[in-house]
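Shown next, in structure tokens, is the structure this report addresses.
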Amino acid sequence: MLIVFSGLPGSGKSTLALGLAAHLNAVYLRLDTIEAALLNTGLPSVGIEGYAVAYALAADALRLGQTVVADCVNPLPVTREAWQAVAREHSSRMLDVEVICSDVQEHQRRVETRQADEGNWAGRWKPPMWEAVARHDYEPWTSARMVIDTVSGEKAEHLARVLALVQNPDT
């Protein structure tokens, strides 16, 4: 199964994606980590390269029958469709989870107070500033997905909702 967590930086997607991956003992693919590694090799910038690496790693894991949890902004229909193609090519179930923080002030507070994770953000990659998050090109969804608004509720509640859909897709 491929589970893709999408949303703007600071929405809470990485917290939920990592929690679910740990619970399921799934392969965890964090685009921030992939992009940091690419930048640290000397690339001047990254764009689609990070997603291309993530798609390939997900395909390898799905081929082995592993569950994959991907954690990325996934801002465009083309990136969303590419994840769906990876699942289709490996006859895998897919769940799209869009994570939002509907309170703009709370979202800004989260972004501005976020601490860099040295394991993933070492080197040249840095977490975005609020101005970049607010201006981020993030197109509205037109395909089915689960939406989680992290402005209310607890992490455990949100994870339980996702896990219920993973375990019982018809609910």
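Read-outs: derived from the displayed coordinates by stated rules, not from any lab. Owing to the predicted nature of the structure, the values given are computational and were not obtained by experimental measurement. Here the Cβ positions follow ideal geometry from the backbone for every residue, glycine too, while neighbour counts run over all protein chains shown.
Under unit Cβ charges (Lys, Arg +1; Asp, Glu -1), what dipole magnitude, rounded to 20 debye, does segment 31-88 have relative to its Cα centre? Kindly include the intermediate steps, with their values, before the conclusion.
Values: 3 positive and 6 negative charges, 45 e Å.
Magnitude of the dipole: close to 220 debye.
Would you kindly calculate the translational diffusion coefficient of segment 1-74, applying Stokes-Einstein with the Kirkwood radius from alpha carbon pairs, for 37 °C and a viscosity of 0.692 mPa s, and quote it in µm² s⁻¹ without decimals?
On the way: Rh = 12.6 Å.
Using the Kirkwood radius from Cα pairs, D works out to 261 µm²/s.
For segment 52-95, count all C-alpha to C-alpha pairs, find those more than 13 Å apart, and express that count as a whole percent of the total.
On the way: 461 of 946 pairs.
Summing the P(r) of segment 52-95 above 13 Å gives 49 percent of all pairs.
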